[in-house]
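Working notes for the structure below.
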Amino acid sequence: MISFCPVGYPDRNLPVLKYYQMKTSVLFKKIFSVTLTILLCHTLFAQQKVSGKVVDISTREPIESAIVKDIHDGTKTATGKNGAFILKNVTGDSLYVSFVGYKSLAVKAILDKPMFIELEKGVISLKDVTISNNQSSLNTFNTLSRLDLNMQPAKSAQDLLRLVPGLFIAQHQGGGKAEQIFLRGFDADHGTDVNISVDGLPVNMVSHAHGQGYADLHFLIPETVQCYDFGKGPYYADRGDFTTAGYVAYHTKQVLDQEEIKIEVGQFNTLRVLAMINLLSDSAKRRGQSAYIAAERLYSDGGPFALPEHFTRYNVFGKFNTNIGTANKLTAEFSTLKSDWRSAGEIADRAVAEGYIANRFGTLDSAQGGHTNRTNISLKLTTNLHNDWIMENQAWYSHYYFSLVSNFTFYYYFPSAGDEFRQVETRDLGGYNFKIGKTATVQNITYTTTIGAALRYDHVSPSELDHTENGQFLDYLQYGRIRELNTNAYFDESITTGKWVFSAGGRLDYFHFNYSNLAPASDPYASAIFNGISPSAQKAVFSPKLFTEYTFNNNVQLYFKAGKGFHSNDARVAIANKGIDIIPAAYGADLGINWKPMPNLFINAAVWYLYLQTEFTYGQDLIDQPAGPVGPTGRTVRDGIDLSARYQLTPFLFTNLNLNFARPRYLDSLKGHDYVELAPTLTSTAGLDFRFKNGINGGLSYRYLHNRAATSDYSLTARGYFITDLAVNYTQKRYEIGLAIENLFNRQWDESQFEYTSILKGETRPVDQVSYTPGVPFFAKLKFTLFFR
C-alpha cells in the first residue's frame, strides 16, 4: 500500500482524509469570519444615517442644493439653506457630492460624527445635473438659473433680468428708469405682474408715481450677485403682491472669493468703473466673519441721440457677516443708488416721415429726463434652533426719491402749453420678514414645514403729478400723501414619500390704503377727483397653493402646480374708484416636465393657464393724464407653452434655448376686439457659450420678440425684433480682457412701443398711432479687470 503525504503534512500517522477535513474546517472558519465581517460592516451602514455640511472651500460659505449620493445604492439628498444634509438608510461606505460649477467629490461616509465637506469650483458639466425629488421644493427652475448665471455672467442689472428664461425687458426714456418687463404673455409695465426682490428686500414699489409695482433694480451691482431663483405663475406661498406672471429673487454674495477692479469703455461715451474689496482678513473668515464693499460709477450718452442722455449712476454696496455664538449668524447690508439722466423720449411713428424731427434719434420735447436715488439697510439674523428648526428674522428700511419729466401725447390735452408732465415722490418704506422651517424624516417620509410672516409699510409724501412746460411747474394734476400697509402670514407643508412630492400651502394678506389729497381746493383736476370720497380702503385676501411632483427616475420628472395670487391696485386709483378692484385675484395652473434624455441635455417644458379678475394695462393703473383714473379693464385669460433646453456639446461648448408661447385675451370683449394691448405672444432667446481651458470664453446669443397687438382690435401693431449679441473674454488668474457687442448686425429696431392718441405741434387733429423709443444700434464695449486674492 502506498501512502501519499502532502507537502507540510504535520503527522504521517494522521490519515490523509482527516487532515483535509481539518484544513477545510479552518478554511471555512476563515471564509465565514471574513463574510461575517463584511455582513456586519454592511449591517453597520444599513439603516444608518450620515449627516454633515457642504461648503465652498474658498469662501467657507454653505452650498445650498448640492447633491449628496450614496454610491452603493444611489440614494441621494440635497443640502438645505445652511448647506446641511441628512442622508438616511445609507448602505455603503462612500458618498458622491456634486454641484453645478464645482468639482465633484467622492468621500468616505462617517457615521459617528457630522461630516464637513469642502467643494472646489471647477468646470461646468451638465452631467452633474440630476433630477431628484429631494431637490424639488416649488421652484423647479433652480437648475436653469445656476447654469445660466455660471455660463453668462451678468454685465448689468438688465442682464440679470434677461437671464430669466422667457423674461424680456425694454428701456425707454433714459437708462435711469426701471425696465419695462415682459413675461408669460404680460406687458407687466415696470413690474405690475412680476415680483422682484434682493436678499429679501422688495424691489417693487406700490402706488408709485410712475406705475404700480415699479421695480428699479439698478441699485444692485451685478458682480455682487451669487445666485438667483425664479418661478413662473402664482404658486409660491412666500411670494405675495405682484406674483401673477412670476417672481425673481436675487441673492448677493456673502463673501468675495476674489477682489477685483474693473474698467469698461465703449461707444457713446460709455465709461464704467467698478471696485470690489474684502474688508476682513482670512483669519476673520475662519472665525465666521466677513465683510466687503463694492462701488460702481457709470456714465453714458445712451446712444446716438440728438439729445445725449448724460446718464450718470453711482452705486455703493456693503455686506457684513458674523457668527453670534454657535447658533446665530447676523448679516448686515447697506446699499445706495444715485442716478440722473436726460431723455429723448418716445416719438410718434409719423414724426420722422413728416419731418418733425430729422431722424429716429431725435426728440420732440427736450425737457424730458429724471433723477432717482434709493438707500437701503437690512439686518438679518439666522438662528439654528433645537430639533433642526431654522429661524430667520429680517428688518429692513429704504429711503427713496424719484422725479421724472415725460411727454407722451405732446399737444393733445393742452394745445397751448403742451402735455408735458412731471411725476415726483419721496418715500420711506420699511418692513419685517419672519420665517421658520424644518425638514424631518419619519419612516422614510420627509416632511418640510415652512411658516412665515411679514409686514411692509410705505409712506409717500408727496406723491405728485404736475403739469409742466419745459420742466417748469404749471398746475397740479394730482398731489397728495399715500400711506399703505401690507401684513401677511403664510405656511407651506411638503411631503416626500418614495417618488412622490405633495405640497400644500397658503397665505393671508391684509392691505390698508390711505390717500390724503393735499392739492388746493381750487385745483380743477386733483380736487375734482378726490374731494368728497373716503380717503381709506382695506381688504384681506387668502391665496391657496398646491403642488405635486412624481420622479420616475434620474431622467424624468412630472409636476403640477395650481394656485391663487394677486396684484394690488394703486392706492390713488383704489380710492378714486371707491374701493373697486383693490386686490384682483389671479388663478393659474402649470403641468410640466423636467427631462434629461441624455447626460448632457436638460429640458424643462410646461403648459400653463392663468385667469385674472382684472387686468392692469399701461395707463389703467395710473392717473397719468388730466382725465383722471379710468375704470378697470376687465377679466383676462392667458394660456401658453414654455420650453427651455440646455445642452453641452463638448466639455467647452454649451447651447441654450428658450421658447415661450402665450395667448392673452380679454374675456368680456367681442372676438377680434379681445387682444390684450402690447402683450407678447411669442418670445425666444438662445445662445452658444464657450469656455476653453486657455482662458478664452464668451458667447453668441439672440433675443426675439414677435409682433404684437398695440390695440385691442389689432388695428395697430407693436413691431417685433431679432437682435444678436456677442461677448468674448480672455480670462486668467490675475486679469481679464473682454469685448461685448450689443446688436452685432446693427439692426434697426424699436425697444419700447406704446399706442397713444397724440397731436404734434402744428397738427390740427389727433392721430391714434404707435410711439416708440429706438433701440440702440451696434454698440461695442471693452473691459479690463484685475483680480486680487
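The values are calculated or read from the model by the stated rules, or taken from the named source; none is laboratory data. For clarity, every value in this text was computed on a predicted model and none was experimentally measured. Neighbour counts run over all protein chains shown; Cβ positions are idealised from the backbone, glycine included. Surface areas here come from the heavy atoms of the whole protein model, side chains and all, with no ligands, DNA or RNA. Shrake-Rupley method; radii C 1.70, N 1.55, O 1.52, S 1.80 Å.
Just a few scattered comments:
- Looking across the stretch 752-768, the residues that are under 11 Å from PHE408 (Cβ atoms) and surrounded by 17 or more Cβ atoms within 10 Å (Cβ to Cβ) come down to PHE754, GLU755, TYR756, SER758.
- Filter result (surrounded by fewer than 15 Cβ atoms within 10 Å (Cβ to Cβ) and basic (Lys, Arg)) within the stretch 769-789: ARG789
- Selection status of SER669, surrounded by 15 or more Cβ atoms within 10 Å (Cβ to Cβ) and not in a strand (DSSP E or B): yes
- There is no residue in the stretch 596-618 that is modelled with pLDDT under 95, of a type in the set (Phe, Trp, Tyr), out of contact with any helix residue (DSSP H, G or I) (no Cβ under 7 Å at 6 or more places or on another chain) and under 30 Å from LYS127 (Cβ atoms).
- Qualifying residue in the stretch 195-209 (condition: in contact with a Ser or Thr (Cβ under 6 Å, 6 or more places away or on another chain), acidic (Asp, Glu) and at pLDDT below 95): no
- All positions within the stretch 448-486 that are among the polar types (S, T, N, Q) and touching a helix residue (DSSP H, G or I) at 6+ places or on another chain (Cβ under 8 Å): SER463, GLN478
- Restricting the stretch 406-429 to residues that are among the small types (Gly, Ala, Ser) and over 20 Å from ARG342 (Cα atoms), the residue that is surrounded by the most Cβ atoms within 10 Å (Cβ to Cβ): ALA417
- Residues satisfying the stated conditions in the stretch 362-387, i.e. of a type in the set (D, E, K, R) and not in a strand (DSSP E or B): ASP365
For (1) over 26 Å from the mean Cα position of the chain (by Cα); (2) over 26 Å from GLY191 (Cα atoms), each residue gets a yes or a no:
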site	(1), (2)
LEU474	yes, yes
SER494	no, yes
THR497	yes, yes
ALA519	yes, yes
GLN538	yes, no
TYR550	no, yes
TYR559	no, yes
ASN569	no, no
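- Taken as a whole, the structure leaves TYR236 outside the set of residues that are buried (at least 24 other Cβ atoms within 10 Å of the Cβ) and outside any loop (DSSP other than H, G, I, E, B).
- Here THR322 passes the criteria (1) open to solvent by less than 50 Å² (accessible area, probe 1.4 Å); (2) farther than 30 Å from SER51 by Cβ; (3) without any contact (Cβ under 8 Å) to a residue 40 or more places away in the chain except the one numbered (2).
- Flag for LYS545 being touching a residue at least 40 places away in the same chain (Cβ under 8 Å), of a type in the set (Lys, Arg) and buried (at least 18 other Cβ atoms within 10 Å of the Cβ): yes
- Residues located in the stretch 555-609, provided they are of a type in the set (Phe, Trp, Tyr) and within 17 Å of ARG635 (Cα to Cα): PHE566, TYR587, TYR609
- Checked against (1) over 19 Å from GLU742 (Cα atoms); (2) in a loop (DSSP other than H, G, I, E, B), TYR314 passes all but a single condition, namely (2).
- Extreme residue, farthest from GLU464 (Cα to Cα), among residues of the stretch 577-605 that are of a type in the set (A, V, I, L, M) and open to solvent by 20 Å² or more (accessible area, probe 1.4 Å): MET598
- Residue identified as at pLDDT below 95, in contact with a strand residue (DSSP E or B) (Cβ under 9 Å, 6 or more places away or on another chain) and among the acidic types (Asp, Glu) among GLU751, GLU736: GLU751
- The stretch 481-494, subset modelled with pLDDT of 95 or more and of a type outside the set (D, E, K, R), residue surrounded by the most Cβ atoms within 10 Å (Cβ to Cβ): ILE482
- Any hit, the stretch 198-211, residues being open to solvent by 10 Å² or more (accessible area, probe 1.4 Å) and small (Gly, Ala, Ser): yes
- Here the condition is being within 21 Å of ASP466 (Cβ to Cβ), assigned to a strand (DSSP E or B) and not polar (S, T, N, Q); of TYR515, TYR550, it holds for TYR515 alone.
- Test: residue in the stretch 257-268 that is surrounded by 14 or more Cβ atoms within 10 Å (Cβ to Cβ), touching a Pro at 6+ places or on another chain (Cβ under 9 Å) and assigned to a loop (DSSP other than H, G, I, E, B): yes
- The strands (runs of 3 or more DSSP E) found wholly in the stretch 58-167 and carrying at least 1 residues that are of a type in the set (Phe, Trp, Tyr) occupy 84-90, 94-98, 115-119.
- The conditions of being at pLDDT 80 or above, aromatic (Phe, Trp, Tyr), open to solvent by 10 Å² or more (accessible area, probe 1.4 Å) and under 22 Å from the mean Cα position of the chain (by Cα) are met by PHE99.
- ASP725 surrounded by 15 or more Cβ atoms within 10 Å (Cβ to Cβ), touching a residue at least 24 places away in the same chain (Cβ under 8 Å), touching a helix residue (DSSP H, G or I) at 6+ places or on another chain (Cβ under 7 Å) and not basic (Lys, Arg): no
- Considering the stretch 332-361, and only residues there that are outside any loop (DSSP other than H, G, I, E, B), open to solvent by 40 Å² or more (accessible area, probe 1.4 Å) and more than 20 Å from TYR314 (Cβ to Cβ), the residue that is modelled with the highest pLDDT turns out to be VAL352.
- Number of the exception - ARG635 against (1) basic (Lys, Arg); (2) under 30 Å from ASP581 (Cα atoms); (3) crowded, with 19+ Cβ neighbours inside 10 Å: (3)
- Here PRO520 fulfils each of the conditions (1) modelled with pLDDT of 95 or more; (2) not in a strand (DSSP E or B) apart from (1).
- Residue pairs whose Cβ atoms lie under 6 Å apart, separated by 6 or more positions or on different chains, with the first residue in the stretch 437-460 and modelled with pLDDT under 85 and the second among the charged types (D, E, K, R), are THR441/LYS88.
- Hits in the stretch 280-294 - residues which are within 14 Å of ASP56 (Cα to Cα), open to solvent by less than 60 Å² (accessible area, probe 1.4 Å) and in a helix (DSSP H, G or I): LYS285
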